[in-house]
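J.: I'd like to ask you about the structure that follows.
The values are calculated or read from the model by the stated rules, or taken from the named source; none is laboratory data. Predicted model only: the values in this text are computed from it and were never measured. All Cβ positions, glycine included, derive from the backbone under ideal geometry; neighbour counts span all protein chains shown.
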Amino acid sequence: MEDQQAAETWVIVAAAGESRRMGLPDGESKQFLLLGGETVLAHSVHRLLAMDCVHGIVVVLHPSHTVRFANELSLFDDAKPVLIAEGGRTRSDSVRAGLQMVPDSATVIAVHDGARPLFSRHVFTSCLATLDEAGADGAVPAVEVSDTLKRAGSDLAVAATVDRSGLWAAQTPQVFRAAALRDVYARTDLDGATDDAMLLERGGYTVRLVASTPANVKITTPQDLPLAGALLSWEVESDV
C-alpha cells in the first residue's frame, strides 16, 4: 500500500442520527448542539480538515439537516472539498450514501461518528500507519475495557458477570483500505452491523485495534456534553 503521503484519504462523517437519547425536540440533532462556541459537528469537521493526511470529507446528514449544514460551510475556510450526502434509515445505509460520493481515486476511506468531536489526531495517524505496517485492511481506535461487565436480564437482575479479558471498546475514526470497504458494502449483509469494522470482519478481512483514549467521547446523552466541554478545555493544555 502507498505510504501516508502518497495515499489519498477521504473521511465519511456519519451524522444522520435522530438523537433520541438526547431528549431533544423533534427536528433537533445533537450534531448541532454548541460545544465551546461551535457545533459538535463543526468540531469534528474542522479537526479533520486540519490534518494534512485528509484530502476530502463527505458529511452524511438527515435530509432535514442538509440545508442547515450547507449554510455552515462558509465557516470552513479550507481548500479541501466538503461534500454533503443525505443519510438513510440505518447507519450502514448512511455510510453507503457517503461512500457513493467518495471519488474513485481515494485509496483510504475513514468513517467517523460526527458526535465524536474530540478524537485524537495522533491516534488517527497511528491507524493510518497500521494499514501499512501491519498489512491490515482496517484499523480501529479502541480502549481496553477496565470495568467489570454484567449481563442483565429483562428485569435488570444480573444474569452473569462477563469475562472482560481481551475486550476492547471500539471508537471512530475507523480507517480502511478503500477497496476493502467498497467490497463489503457491495456484497456483505449489512443487517445488525453497529460499526464498519464489523462488516470487514464478516467479509473475511483483517482489522486491527489501535490503542486510543477515553477522552474520545461520543455525545449520546445530555450528560456527555458538559464532559466534552471539560475535555475540550483540557485539550488547550495538551497535544492530542
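J.: For the stretch 101-108, does any single residue satisfy the condition of being touching a strand residue (DSSP E or B) at 6+ places or on another chain (Cβ under 8 Å) and in a strand (DSSP E or B)? Break it down into steps so the answer makes sense when it comes.
T.: Residues of the stretch 101-108 touching a strand residue (DSSP E or B) at 6+ places or on another chain (Cβ under 8 Å): 101-103, 106-108.
Retained after the next criterion (residues that are in a strand (DSSP E or B)): 108.
Yes, because at least one residue in the stretch 101-108 is touching a strand residue (DSSP E or B) at 6+ places or on another chain (Cβ under 8 Å) and in a strand (DSSP E or B).
J.: Consider the stretch 50-95. How many of its residues are more than 19 Å from Leu33 (Cβ to Cβ), in a helix (DSSP H, G or I), modelled with pLDDT under 95 and of a type outside the set (Lys, Arg)?
T.: Selection size over the stretch 50-95: 5.
J.: Still on this model: Would you mind telling me which numbered condition in (1) acidic (Asp, Glu); (2) touching a Lys or Arg at 6+ places or on another chain (Cβ under 7 Å); (3) over 14 Å from Asp195 (Cα atoms) Asp113 fails?
T.: Of the numbered conditions (1) acidic (Asp, Glu); (2) touching a Lys or Arg at 6+ places or on another chain (Cβ under 7 Å); (3) over 14 Å from Asp195 (Cα atoms), the odd one out for Asp113 is (3).
J.: Considering only residues of the stretch 59-97 that are out of contact with any helix residue (DSSP H, G or I) (no Cβ under 8 Å at 6 or more places or on another chain), surrounded by fewer than 16 Cβ atoms within 10 Å (Cβ to Cβ) and charged (D, E, K, R), which is farthest from Asp183 (Cα to Cα)?
T.: Ranking the qualifying residues of the stretch 59-97, first place goes to Asp77.
J.: Cβ-Cβ under 7 Å, sequence separation 6+ or interchain: first residue in the stretch 213-224 and within 13 Å of Leu33 (Cα to Cα), partner in a loop (DSSP other than H, G, I, E, B) and β-branched (Val, Ile, Thr). Which pairs?
T.: Taking only residues 6 or more apart or on different chains, the pairs are Asp224/Val217.
J.: Then there is this: Kindly evaluate Val158 against the criterion of being among the β-branched types (Val, Ile, Thr) and closer than 22 Å to Asn216 by Cβ.
T.: In short, no.
J.: If you don't mind, another one. Residues being surrounded by fewer than 24 Cβ atoms within 10 Å (Cβ to Cβ) and in contact with an Asp or Glu (Cβ under 6 Å, 6 or more places away or on another chain): count how many of those fall in the stretch 171-188.
T.: 2
J.: Could you please tell me which pairs satisfy a Cβ distance under 8 Å, a separation of 6+ or placement on different chains, a first residue in the stretch 33-45 that is over 17 Å from Leu61 (Cα atoms), and a second residue that is polar (S, T, N, Q) and surrounded by fewer than 19 Cβ atoms within 10 Å (Cβ to Cβ)?
T.: What qualifies is Gly36/Ser233.
J.: Which residues, counting only those in the stretch 92-101, are under 16 Å from the mean Cα position of the chain (by Cα) and under 10 Å from Val58 (Cβ atoms)? Show your work before the answer.
T.: To start, the set of residues in the stretch 92-101 that are under 16 Å from the mean Cα position of the chain (by Cα) comprises 92-99.
Across the stretch 92-101, the qualifying residues are Val95, Ala97, Gly98, Leu99.
J.: Oh, and also: Name the residues in the stretch 130-152 that are touching an Asp or Glu at 6+ places or on another chain (Cβ under 9 Å), modelled with pLDDT of 95 or more and either outside any strand (DSSP E or B) or of a type in the set (Gly, Ala, Ser) (or both), would you?
T.: First pass over the stretch 130-152, keeping only residues touching an Asp or Glu at 6+ places or on another chain (Cβ under 9 Å): 131-132, 138, 140, 149.
Okay, now just the ones that are also modelled with pLDDT of 95 or more, so 138, 140, 149.
Gly138, the sole residue that qualifies.
J.: Give the residue, chosen from Ala157, Ala106, Ala136, that is aliphatic (A, V, I, L, M), in contact with a helix residue (DSSP H, G or I) (Cβ under 6 Å, 6 or more places away or on another chain) and over 26 Å from His46 (Cα atoms).
T.: Details: Ala157 fails: in contact with a helix residue (DSSP H, G or I) (Cβ under 6 Å, 6 or more places away or on another chain); Ala106 fails: over 26 Å from His46 (Cα atoms).
Being aliphatic (A, V, I, L, M), in contact with a helix residue (DSSP H, G or I) (Cβ under 6 Å, 6 or more places away or on another chain) and over 26 Å from His46 (Cα atoms) holds for just one of Ala157, Ala106, Ala136, which is Ala136.
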